[in-house]
Amino acid sequence: MKTLRVNLQGRAYDILVGPDLLRRTGELIRGLDIGRRLGLVTHPALVEAHGYASLVVSSLREAGHEVSLVTVPPGEESKSLAQAACLCRELVRVGLDRGSALLALGGGVIGDLTGFVAATLFRGIAFVNLPTTLLAQVDSSVGGKTGVNLPEGKNLVGTFHQPRLVVADVLALRTLPAREFRSGLAEVVKHAMIADAELFRTLEEDADQILAREPSALQAIIARNCAIKTKVVEADEREAGVRAILNFGHTVGHAVEAASGYGRVTHGEAVAFGMLVAASLSVRRGLCPPADAKRLEALLRRFELLPAACPEPELLETYIIRDKKVRDGVLQFVLTLGIGNVTLAPVSDRKDLREALHGVQA
Ligand SMILES: NC(=O)c1ccc[n+]([C@@H]2O[C@H](COP(=O)([O-])OP(=O)(O)OC[C@H]3O[C@@H](n4cnc5c(N)ncnc54)[C@H](O)[C@@H]3O)[C@@H](O)[C@H]2O)c1
Ligand SMILES: [Zn+2]
């Protein structure tokens, strides 16, 4: 098992990464000084089909905790104010109070929703995250962002609430559908691109073991990813500046998701396409060696992340511009200076962007 310390003032906590950790949850939360009374939030499938919830519940009960299990339906639709309200009411009815803690067992949807409820119920209670998707283990469980969607847009209501502990059990990833697993790999490639050329090489060399989900290979890359995101978050907890580099590939990626209709392409496929566009722009500006852009493309292809079809460049452009208007009027791109290095740069020349969009589609 690997332990990473996240150092945020007054709220330091550990991220544990390793095999077979869920059955040790009770022992792992000992010493956190959280209450006896716990709520565990998850999806029905993680209770029934996969049995992860019972591992966690038994272990917590053995450690002397009283646990209430609450399930929410799978899917992005569950990240809503209505679902948060249901959850709050259910948790109050089963007897949780200000001294209780909430545990999230699932992917980013469960983590964001449960974290949001933990941040607000009784004005905030302790939160422990047990991420079970690759995306959640390398990305959404790190950094303390919680929240829900509105019909008007994603993640519009939320707050920062750092967990007291994150436990990433790599064995849980064995049951993840292949497309979900590969989608999470896009964030892994993203982290390597922004900060870690050596991780990028590891991904190239160990692609087979990673795709076969070998626990030791997964533990190594997940721990490295958490370390990268942790470092960025420590430098800029509230996303005032440098944290924006985590958006590498996401400006165009979000446009691809919106223009394709949500759910058609995976988030990872959309981000993979976005990273290629960012790399192409960077090569055009002489910032990134062409060979590095080629390696990025080859790795994304190896992980089967390049979408078979993408919306027309003109359509993508309208979504990108709309996003810019919503934000702050300037189209800020995260560009690459070569594998392992990024920089923030304005993209005011639309012709540049259009050519990059066309170039990647060709
Ligand atoms: N808070 C953040 O910083 C942050 C960062 C990135 C993404 N997010 C959010 O994360 C969400 C996406 O998360 P996700 O990709 O994990 O999707 P998800 O939570 O919807 O999970 C995907 C599917 O996998 C299933 N599943 C989960 N674990 C499983 C397992 N071990 N075996 C089999 N099936 C399993 C789930 O039931 C679900 O149907 C989005 O809402 C996004 O906004 C948040
Ligand atoms: Zn992402």
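The values are calculated or read from the model by the stated rules, or taken from the named source; none is laboratory data. What you see is a predicted model, and the numbers here were worked out from it, not measured in a lab. Neighbour counts are summed over all protein chains in view; Cβ atoms, including those assigned to glycine, are modelled from backbone coordinates with ideal geometry. Surface areas here come from the heavy atoms of the whole protein model, side chains and all, with no ligands, DNA or RNA. Shrake-Rupley method; radii C 1.70, N 1.55, O 1.52, S 1.80 Å.
With the structure loaded, tell me whether R23 is part of a loop (DSSP other than H, G, I, E, B), of a type in the set (K, R), open to solvent by 40 Å² or more (accessible area, probe 1.4 Å) and more than 16 Å from ligand 2 (Cβ to nearest atom) or whether it fails that test.
Taking the combined requirement at face value, the residue does not satisfy it.
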_Out of everything in region 283-307 that is open to solvent by 30 Å² or more (accessible area, probe 1.4 Å) and in a loop (DSSP other than H, G, I, E, B), what residue ends up being farthest from ligand 2 (Cβ to nearest atom)?_
G286
*Which members of region 148-169 meet the condition of being near ligand 1 (Cβ under 7 Å from one of its atoms) and either small (G, A, S) or in contact with a Gly (Cβ under 7 Å, 6 or more places away or on another chain) (or both)?*
N155
*So L28 fits all but one of (1) surrounded by 14 or more Cβ atoms within 10 Å (Cβ to Cβ); (2) over 23 Å from the mean Cα position of the chain (by Cα); (3) under 24 Å from P215 (Cα atoms); what number is the exception?*
(2)
_Here's a check for you: in region 56-83, which residue that is touching a residue at least 60 places away in the same chain (Cβ under 8 Å) and crowded, with 22+ Cβ neighbours inside 10 Å is farthest from ligand 1 (Cβ to nearest atom)?_
V56
*Count of residues meeting criterion [surrounded by 19 or more Cβ atoms within 10 Å (Cβ to Cβ) and more than 14 Å from ligand 2 (Cβ to nearest atom)] in region 261-282*: 6
*asked:* Exactly one condition in (1) at pLDDT below 95; (2) β-branched (V, I, T); (3) open to solvent by 30 Å² or more (accessible area, probe 1.4 Å) is false for T251; which is it?
replied: (3)
*So, in region 92-107, of the ones that are in contact with a Ser or Thr (Cβ under 6 Å, 6 or more places away or on another chain) and assigned to a loop (DSSP other than H, G, I, E, B), which residue ends up surrounded by the fewest Cβ atoms within 10 Å (Cβ to Cβ)?*
V94
*Across region 158-199, what is the number of residues that are of a type in the set (A, V, I, L, M) and either away from ligand 2 (no atom under 16 Å from the Cβ) or in a loop (DSSP other than H, G, I, E, B) (or both)?*
12
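Of all residues in region 210-219, count the ones that are open to solvent by less than 50 Å² (accessible area, probe 1.4 Å), of a type in the set (A, V, I, L, M) and touching a residue at least 24 places away in the same chain (Cβ under 8 Å). Show your work before the answer.
Filtering region 210-219 down to residues open to solvent by less than 50 Å² (accessible area, probe 1.4 Å) leaves 210, 213, 217-219.
With of a type in the set (A, V, I, L, M) added as a condition, the list becomes 210, 217-218.
In the following step, the residues that additionally are touching a residue at least 24 places away in the same chain (Cβ under 8 Å) were identified as 210, 218.
Number satisfying all stated conditions: 2.
For every residue, the table says whether it meets (1) part of a helix (DSSP H, G or I); (2) within 16 Å of ligand 2 (Cβ to nearest atom).
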site	(1), (2)
L69	no, no
V109	yes, yes
L113	yes, no
A118	yes, no
V148	no, no
L156	no, no
